[in-house]
Amino acid sequence: MTNVKSARLKHNKRAKRILTSLVVVFAVTILPLSILRVTFVFWPQIIGKEYYSNLIYAVVVSAIVNSSANPVIYSVVSRNVRKGINNLCVQ
């Protein structure tokens, strides 16, 4: 019974490590998009500003970084994903 409990705790720790990394990266990279959406609601004139295109570019790049970071996080944090990628590359 204790072996099952310790295995479950070990599994939960790994899952917590992966999820914490994913949530932090998601929050940091999607926060600019959320702020920009709220800004559009309260200040629609921002669309006419000269820096608007640069702002949109930065927000889009941030969202793309979020999508690109997920596989990197999985491969760094999860041993099973690393093994799977290694097996895929060796074949």
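The modelled label-to-label distance for the pair Val38/Arg79, using points 7 Å beyond Cα in the direction of Cβ, is 4.1 nm. With R₀ fixed at 22 Å, the C-beta to C-beta distance from Ser62 to Thr20 puts the FRET efficiency at about 0.65.
Long hydrophobic helices in the chain, taken as whole DSSP H segments with a C-alpha length of 24 Å or more on their own axis and mean Kyte-Doolittle hydropathy at least 1.0: 52-77.
Size check on the chain: the Cα extents along the three principal axes, sorted descending, read 63, 36, 12 Å.
In the chain, the calculated helix contribution to ellipticity at 222 nm averages -31000 deg cm²/dmol per residue, counting -39,500 (n - 2.57) for every DSSP H run with n ≥ 4.
Using +1 on the beta carbon of Lys and Arg, -1 on that of Asp and Glu, and nothing else charged, what's the dipole of the chain about the Cα centre, debye to 20?
On the way: 12 positive and 1 negative charges, 178 e Å.
Dipole about the Cα centre, nearest 20: 860 debye.
Across the options Pro71, Val81, Tyr52, the greatest Cα extent toward the positive end of the charge dipole of the stretch 2-90 (unit charges at beta carbon of Lys, Arg, Asp, Glu) belongs to Val81.
Comparing Val4, Gln91, Val38 along the charge dipole axis of the chain, the residue lying farthest to the positive side is Val4, per the Cβ-charge model.
None of the figures in this text is laboratory data; all of them are computed from the coordinates on show. Not measured: the values here are computed from a predicted model. Note: ideal-geometry Cβ built from the backbone for every residue, glycine included; neighbour counts use all protein chains shown.
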